[in-house]
Structure formats: C-alpha cells, structure tokens
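For reference, the structure is listed below as structure tokens.
The values are calculated or read from the model by the stated rules, or taken from the named source; none is laboratory data. Predicted, not measured: the structure shown is a model, and the values here were computed from it. FYI the Cβ positions are ideal-geometry reconstructions off the backbone, even for glycines, and counts take in every protein chain you see.
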C-alpha cells in the first residue's frame, strides 16, 4: 500500500526536502533500535511513513520536547481469545499501552468453530489501528486424547494463506506427531513452507536433543521455556526465544539471566494468554519491558526486543524501528525507564493521547450477526449428580497440584478421604474435585480428577474456556455445586461463573464460541471484577488467577498432570492414567 509509484515519489521528495512533510515531530529523543543509542532529530512523516530524520519542515508540527520516542510495540505471540474480547475491543486496550501490532494464534476459536472461527477473527481484525497478524492453528485438535469440536487439516489451512494478514503456521504443540513424523503434520508444515510462511514452536518439556526435531522441521520460535537453561538451549540451536509474561505463565524473571549482549537480538517479548484486567492494569508487552528493566535489563535493549526483534522474527520489514521507509508507528514517552506513555501514533496519526483513544481512531464496525455454529456452541449432554462420582478402591490417588502463576502442574500422590467408597473433597486438605465435560457434540464424556491448590472454603467455579479443546471445566467442593456451575455455563451458552450452594454469585457470559464477549471492554472488565469478588467470597487465593489457572488444567501438551474429558492425562507417559495411584 505504501510503495506505489506515486507514494514512493512523494516520500522521496519529502526526504529530499523538495516538498514539506505531512507531519514533523520535533525535539524528542529517539530510541535507535538499530544501534542501541539515543539520537536527536526531526521525524518527517508523509503518507503514514517516515521519510527522513534530520532537520525538516512540515504542514503540521508536533513538539516532543522532553519526550522519548520509540517504535510502536509488537506482541509476538498472543491468543486474543484469552482476553475474552472481540479483536476490536482487544485492540482498544492494547493500543493504550503502545502496542501497534500483534501476532495472534486463533487456536482457541479454531478448536471450537474450525476454519469458520478463524475467518471470523480475520474479518473482525481488519482496518483497525492495531495491525493484527495471524498464525494459523497447527494442532486442531491439539492431541488425540481429548474431544474437540473441529479438525483442521492442511487442505483447510491452504486457502487462508492467501490473506495478507496470515504470516504462517502457529505453535506446533503435538510433539509425538512432529517426531513421528505424522503425515498430516508434515502436510501442514510443508504447506506453510511452500507458501514462504513462518512456523512457530511449542516445546514445553522437550529435552535438549529433541529440540533438533523442531529446528529441522523449519520451526523458528519457542515461547514455552520456564528457566534460563531451557532458554539457552533454544538460542544455541537458532530458535528465537519468546520471553512470556502473561496472566497464568510468568516466565520473564526466570528467563532473563539467559539474555546477554550477544544474543539479545534473538529474543522478543510475548504475552501468550492475558486476561482483560491484567491487560488494562498491567499492560501488554509494555509490562514485559518495565519488568525486564526493573530486573536490570538495559531499557533500550528491552525496547528493541519488543519492536525490531519481533518485526524481524516475522518478516515485518517496514515496522519495528524509527527510520526512513518505516511505518510511522510511534510511541511518545514521558519517561523511558517507566515507559510512561504520552501519545501513540499509528501511520502518522495520533490514535491515543494521554491514555485515551482519540475519537475516530477506531472505525465503526457493522453489527454483523455471529453465525449459529459459532454462537450456539454449548451442546452438553444431560448431567446428573451421579455422573460426577469418583469410586475408589484405594485412598491413595494421583492428584493435580497447581503451581501458582504457571501453566505447568505437579503430579503428586496423596491419601484422600472416602465416603461410601467415593472420593470426598476435603477443604481441610485442599483436595477438590475437578471435572471436564464435553460440550461440542453431546458425547456425555466427563473426565474426573482431584486438584490441589485452589484452597476454596466452599463453592465451585466453572468455565467454557478450557485449553485447547474448550470443553467445560469446573472445580469445587461438592458435586451439587459443580453441577450448578456447569448447568449455568450451558444456559449462558458459554462463559465463567462462581457458585456457592445453589446460588450463582457472579457470571461473565461468553456467547461467541464460549470464548468471547460481544460487550465493550469496559463492561467485560466490570464483570471480571464481580467474578473476583465472588472468588474472594468462596475463599479463593489472590496470588494467582483461579480462572486462567483452571483453563489450563485441561491442556495435555503441558506438563505434568492434566485432565481431559476422557480422563486424567500424564504428560511423562503421554497417556491417560487412573486416579488411583500405585503405592
């Protein structure tokens, strides 16, 4: 768009001072992410692109004296669905935090609604002041060990590569299929490479030698490191290191020791999964920058990781830096270390001023109806009280233990209470019942297990957000409260809820595929706050997010012990196991 003959001519003329620029930003200190230095000079902008840096005059002038100017920030890996917002509402939030581009994997809605769900996200991501790029889901279903609503093969993905918003194939998480190699997985990878696209990895719990398989397959990134040793292993083999700091997975502090002056250019920041409240209160990758700087990383290096590094990783050659020929996606800061944002410019237009989106920054989107297959996604078999019973011969059981602020769990073994030969949840021992109920095709599948770490004093919580197949997941202290919560999720056609006894304390409806709200971000934020108040009422801890933690307890491609609708899943053996443990 910006490289037609006429636009190139205008840009060249403005660069050579033959014509005035449309806009000149004067007096600010420019963060040069190419050299890692600060420099001064006027930024001349024409037709949304930077024409030159030096001494320029323009039709309009912005005085940036006392300000630092950095490129627009880029989140290199995010699932928009985790915000529970539509793409437009998500963009409104992250733009306030200086984010002008994201690379998203619509795996969540793809798992519920297939290619139709991906098209939904693409269509609602167009013409926004945040560029939303898409990596197509590689693993729908994520594994064969759970019931998923959709199945995406290479042939389903192929037509979508023609969309300019699609950059490649998203996180390859089914390692056994990759290592096999499975023919279907090879078709997807070969298809992406044939289109000249990029491929993201997902190497959770993968041994050093097995990382070779990822790189040999053409996979270029990984965001699943949880310590500095793993980070170095990825960097050693030429993978880009995605340093994640989200709501559930907070890995930045553990990974930062692996970053040094020699390898920092191969590192970028991502959020992966972040809820609406954390996006509003902490921010997006701007929070990653602030946290990294507080832990000792040079501010310019941190900014480089969230701009130029991410752009180069995904081949976004005209953004991520402040220089001639680059898009004029800029953030003006009041302070470099705290990353206090004064203004955000998207292609030379001010879209955020003092933390508030400028009127007209976001186009009015037509109220398009959501297709029935996406809007009516909770199809649950009738659930009876006895369906949640866990009969046991032994009181020594395999238990999922939560690790706060991590999507990894521990596989522990403990004695449990029995009543009439059935598992009885214990508030005293923090042993609650966990259930995953299939919600897509009324199979009646219900996976049952025991979870430790929620510390509820009473009640139950449930959600239709359960990575990656998004069946209904619930945890609670009694079968009746679990059933009440699950039935309420079904009645809302998706969402989150907290119950106590027979009472619904708070809810957030998510009618789009059971994953997204159709409300504005302010309303979603307010309803999340009501959910948090209800969580406090049932005694939930406040040092981690119980709902996001719950949503990852059904993800079998993450260590160590998880629960799918088909039962308890052990990552180490990559198979289902019984609830009763061997002594």
Report task. Only one of these is assigned by TED's automatic domain parsing to the domain that holds residue 301, farther than 17 Å from residue 313 by Cβ and touching a residue at least 60 places away in the same chain (Cβ under 8 Å): 228, 254, 261, 204. Name it. Result -> 204
Report summary line: Checked region 31-66 for anything crowded, with 20+ Cβ neighbours inside 10 Å and assigned to a loop (DSSP other than H, G, I, E, B); matches are 33, 56, 64
Query - Members of region 533-583 found to be more than 30 Å from residue 506 (Cα to Cα) and in contact with a helix residue (DSSP H, G or I) (Cβ under 9 Å, 6 or more places away or on another chain), listed by number - result: 557, 574
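Picking from 384, 365, which residue would you name as being in the same structural domain as residue 483 (by TED's automatic domain parsing), at pLDDT below 90, surrounded by fewer than 16 Cβ atoms within 10 Å (Cβ to Cβ) and under 28 Å from residue 514 (Cβ atoms)? Reasoning before the result, please.
Values: 365 fails: in the same structural domain as residue 483 (by TED's automatic domain parsing).
That would be 384, the only listed residue that is in the same structural domain as residue 483 (by TED's automatic domain parsing), at pLDDT below 90, surrounded by fewer than 16 Cβ atoms within 10 Å (Cβ to Cβ) and under 28 Å from residue 514 (Cβ atoms).
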Query raised in the report: Somewhere in region 3-20, is a residue surrounded by 12 or more Cβ atoms within 10 Å (Cβ to Cβ), without any contact (Cβ under 8 Å) to a residue 60 or more places away in the chain and part of a strand (DSSP E or B)?
Result: no
Query raised in the report: What single numbered condition from (1) within 14 Å of residue 134 (Cβ to Cβ); (2) buried (at least 24 other Cβ atoms within 10 Å of the Cβ); (3) over 20 Å from the mean Cα position of the chain (by Cα) fails to hold for residue 188?
Result: (1)
**Report entry** Candidate set from region 545-583 (those that are part of a loop (DSSP other than H, G, I, E, B) and under 17 Å from the mean Cα position of the chain (by Cα)); member that is nearest to residue 401 (Cα to Cα)
**Finding:** 553
Report summary line: When (1) free of Cβ contacts under 8 Å to residues at least 60 places away in the same chain; (2) touching a helix residue (DSSP H, G or I) at 6+ places or on another chain (Cβ under 6 Å); (3) buried (at least 24 other Cβ atoms within 10 Å of the Cβ) are applied to residue 269, the one that fails is (1)
Query raised in the report: So which residues in region 327-362 are touching a helix residue (DSSP H, G or I) at 6+ places or on another chain (Cβ under 9 Å), touching a residue at least 60 places away in the same chain (Cβ under 8 Å) and either under 21 Å from residue 268 (Cα atoms) or outside any loop (DSSP other than H, G, I, E, B) (or both), if there are any at all?
Result: 331, 336, 339, 341, 344, 346, 351, 352, 357
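Condition check: touching a strand residue (DSSP E or B) at 6+ places or on another chain (Cβ under 7 Å), within 16 Å of residue 346 (Cα to Cα), at pLDDT 95 or above and not assigned by TED's automatic domain parsing to the domain that holds residue 522. Does residue 125 satisfy that?
On the way: touching a strand residue (DSSP E or B) at 6+ places or on another chain (Cβ under 7 Å): yes; within 16 Å of residue 346 (Cα to Cα): yes; at pLDDT 95 or above: yes; not assigned by TED's automatic domain parsing to the domain that holds residue 522: yes.
Here the answer is yes, as residue 125 does meet what is asked.
When region 281-303 is examined, which residues are found to be in a helix (DSSP H, G or I) and closer than 19 Å to residue 94 by Cβ?
Initially, region 281-303 is screened for residues in a helix (DSSP H, G or I), giving 281, 285-294, 299-303.
Of everything in region 281-303, those that are in a helix (DSSP H, G or I) and closer than 19 Å to residue 94 by Cβ turn out to be 281, 285, 286, 287, 288, 289, 290, 291, 292, 302, 303.
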Query raised in the report: What number of residues in region 70-121 are in a strand (DSSP E or B) and under 14 Å from residue 331 (Cβ atoms)?
Result: 8
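Would you check if there is a residue in region 475-485 being in a strand (DSSP E or B), at pLDDT 95 or above and in the same structural domain as residue 516 (by TED's automatic domain parsing)? Even if it seems obvious, please write down each step before you answer.
Residues of region 475-485 in a strand (DSSP E or B): 475-476.
Imposing the further condition that a residue be at pLDDT 95 or above reduces the set to 475-476.
After this cut, where a residue has to be in the same structural domain as residue 516 (by TED's automatic domain parsing) as well, the list is 475-476.
Scanning region 475-485 turns up at least one residue that is in a strand (DSSP E or B), at pLDDT 95 or above and in the same structural domain as residue 516 (by TED's automatic domain parsing).
Considering each of 293, 300 in turn, give the residue that is in contact with a helix residue (DSSP H, G or I) (Cβ under 7 Å, 6 or more places away or on another chain), modelled with pLDDT of 95 or more and surrounded by fewer than 24 Cβ atoms within 10 Å (Cβ to Cβ). So that I can check it myself, show each step before the final result.
Numbers: 300 fails: in contact with a helix residue (DSSP H, G or I) (Cβ under 7 Å, 6 or more places away or on another chain).
Criteria check complete, one pass: 293.
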Report summary line: Going through region 207-223 in order, the residues found to be touching a helix residue (DSSP H, G or I) at 6+ places or on another chain (Cβ under 9 Å), closer than 14 Å to residue 171 by Cβ and either touching a residue at least 24 places away in the same chain (Cβ under 8 Å) or surrounded by fewer than 19 Cβ atoms within 10 Å (Cβ to Cβ) (or both) are 214, 217, 218, 219, 220, 221
Requested in this report: Test each condition in (1) outside any helix (DSSP H, G or I); (2) more than 23 Å from residue 470 (Cα to Cα) for residue 155 and report the one that comes out false.
Outcome: (1)
Report task. Check region 417-427 and report whether any residue there is assigned to a strand (DSSP E or B) and touching a helix residue (DSSP H, G or I) at 6+ places or on another chain (Cβ under 8 Å). Result -> no
**Report entry** Enumeration of residues in region 534-545 that are at pLDDT 95 or above and in contact with a strand residue (DSSP E or B) (Cβ under 9 Å, 6 or more places away or on another chain)
**Finding:** 534, 535, 537, 538, 540
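Considering each of 408, 427 in turn, give the residue that is surrounded by fewer than 23 Cβ atoms within 10 Å (Cβ to Cβ) and modelled with pLDDT of 95 or more.
Details: 408 fails: modelled with pLDDT of 95 or more.
427 is the lone residue from the list that is surrounded by fewer than 23 Cβ atoms within 10 Å (Cβ to Cβ) and modelled with pLDDT of 95 or more.
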Query raised in the report: Based on what the data block shows, is residue 246 on the phi > 0 side of the Ramachandran plot, modelled with pLDDT under 95 and out of contact with any helix residue (DSSP H, G or I) (no Cβ under 7 Å at 6 or more places or on another chain)?
Result: no
Query raised in the report: Can you name the number of the only condition in (1) over 28 Å from residue 541 (Cβ atoms); (2) assigned to a loop (DSSP other than H, G, I, E, B) that residue 265 fails?
Result: (2)
